[in-house]
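To start, the structure itself, in C-alpha cells.
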Amino acid sequence: MTATQSEHLAIDIQNLDVAYMAGTRQVNVLQGVNLALRPGEVLGLVGESGSGKSTLAGILLASLRTSSFIARGTVHVAGADVFKLKGKGLRDFRASQVALVPQNAGAALTPTMRIADQLAEAFRSDDASTATRAARRSRAIELLRLVRLPNPAAALDKYPHQFSGGQQQRIGIAMALAARPAILVLDEPTTGLDVVTQAAILDTLSRLHAELGMAMVLVSHDLGVIDKMCTHVAVLRQGKVVESGPTKDVLAHPSHPYTRGLLASVPRINAPGIPPSLDDAVIDAYERGETLPAAESAVYERTAPVGTPPVLTVRGLTVDYNRKPHGAPTVLDVDLDVHAGEIVALVGESGSGKSTIANVIAGLQGTKAGVLTLDGETELAATVPRRAKAVRRAIQIIFQNADTSLNPRQTVRDAVNRPLRLFGIRGSSVEAALADVDLPGSFAQRLPGQLSGGQRQRVGIARAVAAGPSLVLADEIVSALDVSVQSSILRLMDRLAREKDLGFLFITHDLAVVRAIADRVVVLYLGRIVEEGTVDEIFGSISHPYTRLLLDAVIELGDDHASAPAPGQDEVPDGPPEQGCPFASRCPLVMDVCRTVRPPVVPVSATHSIRCHAPLNNLRLDLAESATGLV
Amino acid sequence: MFTRFVAPRLGWAIATIVLSTVLVFSAMQALPGDAATQILGQNATPEAVATLRRQLGLDQAPVARFVTWLGHALTGNFGTSLVSGQAVGPEVGRALLNTSFLAGVTILVGFSLAMVLGLVAGLFRDRWPDALISTVALVGMSVPEFIVATLLVLAFSITIPLFPAVVVAGQNATIGQLLPSMPLPALSLMFVAAAYIIRMMRTSVIDVMESDFVHTARLKGITTGRLVIRHVVPSAVLPTLNVVAMNIAWLIGGVVVVESIFNYPGMGSLMIRSVQSRDLPTILLITVIGAVTFVACNLLADLAATFLNPRLRYPRNSK
Amino acid sequence: MTSATISTETVQGTTGMIRSLIRVMRSILRSKSATLGFVLVILHVLLAVLAPLIAPGNPVKNNPAAVLQLPGGPFPLGTDTLGRDILSRTLYGGQYALAVSFTATALAVLLGTIIAGLAAYYGGWVDQLITRVLDSILAVPAILAMLVVVTVFGSGPWVIVLAVVIVYTGGVTRVVRAAAMDVMPKDFITAARARGEGVVYILSREVFPNILDVVLVEFAMRASWVVLLVSSLSFLGFGANPPTPDWGLMVAENRSLMAVVPLATLAPIVFLATLIVGLNLAADGLAKSLGIDRMKEILG
C-alpha cells in the first residue's frame, strides 16, 4: 500500500510485530498484524484475555508498555506514522487526532480535579470556540449533554468519585470527544458495568457515531457487543489476527476454527443448553495445517431433577445493614428452596443483595429475621462458630475469583486435603477429589500460581466438593473466566449436581449463563424477590418488568439490537424504598399504588410467581411492548 | 465538617494523650527511691523525709496522686521541678520555644526542599537525578544524627571555622543569642528528616505516574508541566503528609542527640537532664507536650488530607 | 496444557519454598546495591564474631604510657585518652550493637506480628483497643520512652532490649496489621472461616505465610533503625557502659579530641555508617525482590 492510500485511511497497520524481552528471548505480544480502517467505519477487536487486543488499542495512540517495543512494521493513524512522532508532534497528535475511552473510567479520571477542568484540558488549544472560560463551560455542558449525563451543568463542578460507574464512563466518553477526534478508541468501555447500564452506554455510543461520524475502534471480549456496534471485526488470538472482515460476514460465515469455536461457545438467552467449549488443541492443529476432530461440538441440555428432597429452605430472611432506625432493610422477606441435585440461580444486578444472602446461608453474617433449614430437618444457627461440624461440612462455597479463593502459599494438596482432615472424611483422597473435577492427581503438588484460571477454579470446586456437602453456594463462579473456559466449568457443575446429588445455589448477574445451566431462577432486586420460576418460565412470555428490562438489555449475537433502555432506567438507586415496590422508581408500568403498597405475590403457574401490582396481561411480552409505549 | 471529622478524632486524641501520660507515670513509679529521698539526699533523717513526702503528697496512693496531678495539670499547674524548685511550666515553655524555633527553620527550609527533591527523583525514576537524590536520601536514613552532627562540626567549625560548634550562651539564652549557632543543628536535622520525606515523595510520585488517570491524561496530549502540576502532585502529596507529620512530631519531641551535641537549650537537653535527675513533674510535662504534638500532627495531617482529597471532602452521597 | 509439561512440572511443596527462596536470592544478587548491602551486613557480623581472633590488642586495657598516639607501630589507628588501641576497640565495637539490636528487633517483630495477627483476625473492638493502646505508646517520644525505661531498670543489655521492644513493637504491629488486613477479606480466608477453622489455624496457615515477606522486610528495616537508636543511646551515655567497646560510646568519648586523634572518632563512624547503610540496602533489595513497597511499610 502506498503513502497516498495510507492518507485516505483512518488506520493503516502493516506487518506489525510488538515484543518484549524475557531475558535474551524476544516474546511477541502481537505478530504480523495487518489492519486497515476507513473514516467513519467501526472496527471491533475481539479476543480473549492475553490475545493482545488492548496492546493493539494502545498502539493507535502511540502508547506501549515501557518494556515493549515495535519489532517490525508500521502504524499509520490519521495519516501520521505514529511511532515517528516525538515531543510536541506526539502531543498534538494525541490532542487532536485520536482519543481513548479507557476501560475503567473510575480509575482513569484524575480524582483531584473537577470534571470541568478535566474536560477543558482536552479541548484543542487552537480552537477559538473555547477561548474563554464561559465558552469552555458551555462547550463542556454541551459534551456532557451529548453523552446523556443527567444534569450536566451541575456535574461540571463535581469530582469523579461523586458519579456512578456508568456516569463516569459517560464522562470518559465526553472527555474523549472534547477535541473532536477523527478516531475514537474504546478499550472494553462497558466491561464491569451492569447489563442495563451497558446497553444504555452502547446506545449512546451508537447515536454519537451516527451524529459525529468519526472512525471508532472498539476492544471487547463480548461478541454480542461487537455484533451490535461494529461494521468490521478483527479476531485476535495469541497476538495474531486470525480472521478479519465485515462483521456480518465474519460472524455469519466464520472461516477460522477459532472464530467458529468462539461463536459456538457463547451461551444465549434465546437458546437453552450449555454450548460446547472451545478446543485449543483443534485450533493449534489447524494453525499447523492439520485437522483434529473436536471433542465436543453439540449443545448440552440439562434436565431438572424431579421430586428430590429439599437441602435448603429459607423462610422470611431479612438482613439489615442499616444502623439508622428508619432505613429499609437490605434484604427483606426472602423465601428460597434448593433441592438435591438442583441448580437454582439467584439473579440480580450489583447491589441486589445476592451475595449477602449467600453469606447468611454460609453463616458468615447474622440476620435480622428468618429461618434457614438444612436437609428439611436441621435449623441453621446464625453463625459458623455455633454450627455443628456436620452442618459446616454440608454447606460449601465456591468463589467468583479463583485468584483469591486459593491461598497462594499452599499447594493444591494442602488446600484440598484440609476439608478431608477437618471433617474426618474417610475413603476419599486428594487424588479422587481432583479426579472429580477432571484434574490429574499430579496437580496436587502445584501452587495456585502454576495453574491457569480455569484450573484454579476447578481446584476451588474440588476443595468444596471434597467435603461431601449437600449444598454448594456458587458465587459468580464463571464470570471472571473467558467464554471458552466457561462452558467446561458449567458442564462440570451439571455433572456434579447429577452424580453427587448436590444442590447448587448459583449466584450470578449473567442471564445467558442462567439460561444455560439453571433449573429454577429467583430474580432479586434491591434485596427483594421480584420473580421466581423454572428457567423456561423466566425466559418465557410473562415477566416482571424488571426481568423484562434485564432481558431486553442483554446484547446477543444476531439480535436486531433495536431496543435500548429508556433514559434514567440505567441507574440503580442507592437503597430500597421504605415502602411500596422496590422497582417503582425505574418501572415503565409504574402506578400510584406501586409507591406505597408492597406488591402482592401473583401466581402465574404452580412454579412461577411474580410480585407486581400490574395485571398479568400487561406483563405479557407482546402486550408489554405497547404498554411501555404509552409511558 | 467539625462534627464529622474533628470531633470523633479529637476524642481519641485526648484519650491517647491521657493514656500515654498514665504509661510514663506508671513507669516512673517503679523507680527505686522517691523524690523526697532524691531531694534531701541519702543522709536525711526519716522524719524529714516523711514530712517532705507529706508536703509533696507522696504518701498518697499512686492513683490518687495521678488524679491530683491531672486535676492540677488541667488548670495549667504542672507542679514544681524537684531539681530547681521552680514551677515546671515556664522552664519547659522556654525549652519548647527554643526547640520550636529550631524545628521551624528545619521544616520551612528542609521539608519543602525534600518534597521537591522527592518529586524530581520520582519523575526521573532510575535516571541520574534519581540515583543522586536517592543516594543522598539513603545516606541520610543510614547515618545517625550524632555522626552527621559530629562530621558537620568537623567540617564547618574545626576545618573551616564558619559556625560555632556549640551554643555558648547556656540555658537561658534568648533567640537572638541562639541565632548564630543555629545553622549546624538545623542542617543536621534537615539531613536526617528530609531523607524520609524524599523517599516517601519519590515512591508516591512513581505510584501516581503509573496510575490509569495519569496514563489517560498523557494520552490527552497535555504538556508534561501541566501533567505534573495538575494530575500528579495533588495525589502524590497526600501519602507524604503523614511522614511530614511524624517528622514534625519527632522534631518537637525527640531531638535529644542533636540538642545535646550542640548544647542547644531545648526540649531534648531538658529531657536528658530531667531523666538523669528523675524529675517526674518535668518528665510528665515533656511527655504531655510530646504526646500532644504527636497527636496534633497526625490530626492535622488527617485534616489536610481531607481538605486536599475530594473523596473525603465530598462523600459520594452528599450533593 | 499438554501432558509433557505436566510431568516436568511436578514440584514438591517444600521444593516450592526452596525455589522461591532461590528466586529471591537470585533477584537480590542481580541488584548490585542489594548485594553490596548483604555483603556489608555479613562482613560486619563476621568481624564482630571474629574480633577476638583478629584484633591486635585488648580493647579495654588502659595503657597510660601510650595515650593519644597517632597511627603507627603497634597501634595501626592510634590510641585514645586512656591509651586503648583504637583498631581493637573498633573491631570489637560491633559486638554490643549487633547483639542487642538483632535480639531486640527479632523480639519486637515477633511480638508485633502476633499482636497484629490477633487484631486483624478479631477486628471490631479488639482491634480498636490494640490500636489505641499502641498509638498511646507511639505518642510518647521514642527517645523519652527509652530513657525512662533505662532510668527505671538500669542500662544492662537486656534493659535496652526491653526498651527497644516497648518502643518498636507498636510500629511493627501497625505495618503488619495493615498487611494482615489485606489478606483477611480474601476468599480463601472466607472459605476457612466457613469451614469453622480456629484462630490458630487461620493465622498460622493462611495469614502468616502470606505476609511473611512483609515481616521479613520489616525486620531488615527495623534492624537498621534499632542499630541507629542503640548507638545513639550509647552516645548519650545511656547504653553500653564504659569501658565496653562500642561505636556510639567511642564517638562520645573521643569527639572532643577530634582535632588531635581524628581516627578515634572517624573509625567507629565509618564502621557504624557502613553497617547501617548495608542494612538499609539489604532491606531495600529484599523489599524489591519480594515486591514490597518499603516506604509504605513505614506508614503502615
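For C:LEU266, what charge total do you get from the other residues with a beta carbon under 15 Å from its beta carbon, if Lys and Arg give +1 and Asp and Glu give -1? All intermediate terms of the calculation are to be shown ahead of the outcome.
On the way: positive: C:ARG89, C:ARG255; negative: C:ASP80, C:GLU253.
Its environment carries a net charge of 0.
Sort A:MET591, A:MET175, C:MET181 so the one with the fewest other Cβ atoms within 10 Å of its own Cβ comes first. Numbers along the way, then the final one.
Working: A:MET591 12, A:MET175 29, C:MET181 17.
So the residues, fewest neighbours to most, are A:MET591, C:MET181, A:MET175.
Jot down the per residue volume, in cubic angstrom and as a whole number, of the convex hull over the alpha-carbon atoms of segment C:15-144. Mind showing how you got there, number by number?
Working: hull volume 25.6 nm³, N = 130.
Given the Cα convex hull of segment C:15-144, per-residue volume reads 197 Å³.
Along the charge dipole of segment B:89-276, which of B:ALA114, B:GLY93, B:ILE261 sits closest to the positive end, that is, farthest toward it, with unit charges on the beta carbon of Lys, Arg, Asp and Glu (+1, +1, -1, -1)?
Toward the positive end, the furthest listed residue is B:ALA114.
If you take the beta carbon distance between A:ASP414 and A:ALA271 as r and set R0 to 35 Å, what does 1/(1 + (r/R0)^6) give as a FRET efficiency, to the nearest 0.05? Could the numbers behind the result be given before it?
Working: r = 42 Å, r/R0 = 1.19.
Once rounded, the FRET efficiency stands at 0.25.
For chain A, give me the percentage of DSSP beta bridges that are antiparallel, rounded to the nearest 5 percent. Please report the intermediate quantities before stating the final value.
Numbers: 52 of 88 bridges.
Counting only bridges with both partners in chain A, antiparallel ones make up about 60 percent.
Given a Förster radius of 30 Å and the C-beta distance between A:VAL27 and A:LYS84 as r, what FRET efficiency does 1/(1 + (r/R0)^6) yield to the nearest 0.05? If you can, show how the numbers build up before the last one.
Details: r = 25 Å, r/R0 = 0.82.
So the FRET efficiency works out to roughly 0.75.
Tell me which aspartates and glutamates have Cα within less than 16 Å of C:LYS186's Cα, excluding those fewer than 8 residues away on the same chain?
A:ASP403, A:ASP475, A:GLU476, C:GLU197, C:GLU206
Report the one residue of A:ALA390, A:VAL334, A:PRO576 whose Cα lies farthest in the direction of the positive end of the charge dipole of segment A:310-630 (charges on C-beta: Lys and Arg +1, Asp and Glu -1; origin at the Cα centre).
A:ALA390
Projected onto the charge dipole of the protein assembly as shown (+1 at Lys/Arg Cβ, -1 at Asp/Glu Cβ, origin at the Cα centre), which of B:GLY225, C:ASN241, A:ILE226 gives the Cα projection farthest towards the positive end?
C:ASN241
Sort A:ASP375, C:ASP246, B:ASP126 so the one with the fewest other Cβ atoms within 10 Å of its own Cβ comes first. Can you show the working numbers first?
Values: A:ASP375 17, C:ASP246 30, B:ASP126 9.
Exposure proxy ranking, most exposed first: B:ASP126, A:ASP375, C:ASP246.
Per residue Cα convex hull volume for segment A:112-180, in cubic angstrom? Intermediate results must be reported in sequence, preceding the final value.
Values: hull volume 5.1 nm³, N = 69.
Output value, Cα hull per residue: 74 Å³.
Return the FRET efficiency for the residue pair B:LEU162, B:TRP128: r is the Cβ-Cβ distance, R0 is 25 Å, and the value is rounded to the nearest 0.05.
On the way: r = 30 Å, r/R0 = 1.21.
Plugging the Cβ-Cβ distance into 1/(1 + (r/R0)^6) gives 0.25.
Give the long-range amide H neighbours of A:VAL42: residues separated by 5 or more places, or on another chain, with amide H under 5 Å away, using H modelled in the peptide plane at 1.01 Å from N.
Those qualifying (amide H under 5 Å, at least 5 residues apart or on another chain) are A:MET216, A:THR231, A:HIS232.
In a GNM of chain C with a 10 Å cut-off on Cα contacts, which of C:VAL176, C:VAL159, C:VAL133 has the highest mean-square fluctuation?
Checking each option, the largest mean-square fluctuation is seen for C:VAL133.
As a test of the formula, what do you get for the protein assembly as shown when each DSSP H run with n ≥ 4 contributes -39,500 (n - 2.57) and the sum is divided by the residue count, at 222 nm and rounded to the nearest 500 deg cm²/dmol?
Working: 52 runs with 649 residues, N = 1250.
Per the formula, -16500 deg cm²/dmol.
Tally Lys/Arg at +1 and Asp/Glu at -1 over every other residue whose Cβ is under 15 Å from the Cβ of B:LEU113; what's the total?
Details: positive: B:ARG199, B:ARG202; negative: none.
In short, +2.
Placing unit charges on C-beta atoms (Lys and Arg positive, Asp and Glu negative, everything else neutral), compute the dipole magnitude of the protein assembly as shown about its Cα centre in debye, rounded to 20.
Numbers: 102 positive and 95 negative charges, 523 e Å.
So the dipole magnitude of the protein assembly as shown works out to roughly 2520 debye.
Hey, could you pull the Cα Rg and Dmax for segment A:415-477, both in Å?
Computed over the Cα atoms of segment A:415-477, radius of gyration and Dmax are 11.3, 31 Å.
Can you tell me what share of the DSSP beta bridges in the protein assembly as shown is antiparallel? A percent to the nearest 5 is fine. Walk me through the intermediate numbers first.
Values: 55 of 91 bridges.
Rounded to the nearest five, the antiparallel share is 60 percent.
Give the cross-link partners of A:LYS368 among the aspartates and glutamates, using a straight C-alpha distance below 19 Å as the criterion and excluding same-chain residues fewer than 8 apart.
A:ASP320, A:ASP333, A:ASP335, A:GLU379, A:GLU578
Please work out the C-alpha center-to-center distance from segment B:82-121 to segment C:19-74 and express it in whole Å.
37
If I fit a long axis through the Cα atoms of helix C:32-54 and take the longest principal axis of the Cα atoms of chain C, what angle between them do I get, 0 to 90°, rounded to 10?
Result, in degrees: 50.
Starting from the Cα of C:VAL49, step 7 Å along the direction of its Cβ; do the same at C:LEU21; then give the gap between the two resulting points in nm.
Calculated label separation equals 1.7 nm.
Normalised by the residues of segment A:310-630, what does the relative contact order come to in percent, with Cα pairs under 8 Å and at least six apart?
Working: 587 pairs, mean separation 62.5, N = 321.
Dividing the mean separation by the residue count of segment A:310-630 yields 19 percent.
Check cross-link reach from A:LYS500 to the lysines: straight Cα distance under 23 Å, and skip same-chain residues fewer than eight apart.
Partners within reach: A:LYS389.
Note down the Stokes-Einstein diffusion coefficient of segment A:16-95 in µm²/s, whole number, using a Kirkwood radius over alpha carbon pairs, 10 °C, and 1.306 mPa s. Don't skip to the answer; put the middle values down first.
On the way: Rh = 13.7 Å.
Roughly 116 µm²/s, to the nearest whole number.
With viscosity set to 1.567 mPa s at 4 °C, what whole-number translational diffusion coefficient in µm²/s follows for segment B:103-180 from Stokes-Einstein and a Kirkwood radius over Cα pairs?
On the way: Rh = 15.1 Å.
Taking Rh from Cα pairs, D becomes 86 µm²/s.
Could you quote the convex hull projected area for chain A, Cα atoms only and averaged over all directions, in nm²?
On the way: hull surface 125.9 nm².
Averaged projected hull area, Cα only: 31.5 nm².
If the elastic network links every pair of Cα atoms under 10 Å, which of B:THR80, B:THR240, B:THR45 fluctuates the most in the Gaussian network model of chain B?
Of B:THR80, B:THR240, B:THR45, the Gaussian network model singles out B:THR45 as fluctuating most.
Counting only other residues whose beta carbon sits under 15 Å from that of B:SER260, what net charge do I get with K and R as +1, D and E as -1?
Values: positive: B:ARG273, C:ARG255; negative: B:GLU145, B:GLU259, C:GLU253.
With Lys, Arg at +1 and Asp, Glu at -1, the net is -1.
Whole-Hz ³J(HN,Hα) for each residue in segment B:197-211, computed from phi via Karplus 6.51 cos²θ - 1.76 cosθ + 1.60 with θ = phi - 60°, x for glycine and proline: what do you get?
Rounded to whole hertz, the list is 5, 4, 5, 5, 4, 4, 4, 5, 5, 4, 4, 5, 4, 8, 6.
Using the crude model of +1 on Lys and Arg Cβ and -1 on Asp and Glu Cβ, and no other charge, please compute the dipole size for segment A:310-630 relative to its Cα centre, in debye to 20. Spell out each step's value before the answer.
Details: 32 positive and 37 negative charges, 339 e Å.
Computed charge dipole of segment A:310-630: roughly 1620 debye.
Tell me whether the protein assembly as shown comes out rounded, prolate or oblate; compute the Cα gyration tensor, take square roots of the eigenvalues as a ≥ b ≥ c, and use a/c under 1.5 as the rounded threshold. It would help to have the intermediate numbers written out before the result.
Working: a/c = 1.94, a/b = 1.71, b/c = 1.13.
Prolate, because a/c is 1.5 or more and a/b exceeds b/c.
By counting other Cβ atoms within 10 Å of each Cβ, how are C:TRP125, C:TRP158, C:TRP247, B:TRP12 ranked from fewest to most? Don't skip to the answer; put the middle values down first.
Working: C:TRP125 8, C:TRP158 12, C:TRP247 30, B:TRP12 15.
With the fewest neighbours first, C:TRP125, C:TRP158, C:TRP247, B:TRP12 line up as C:TRP125, C:TRP158, B:TRP12, C:TRP247.
Here, each number is a calculation from the coordinates, and none is a lab measurement. Bear in mind the structure is a predicted one, so any value in this text is a computation, not a measurement. Because the Cβ atoms are built from the backbone with ideal geometry, glycine has one as well, and the counts that use them run over all protein chains shown.
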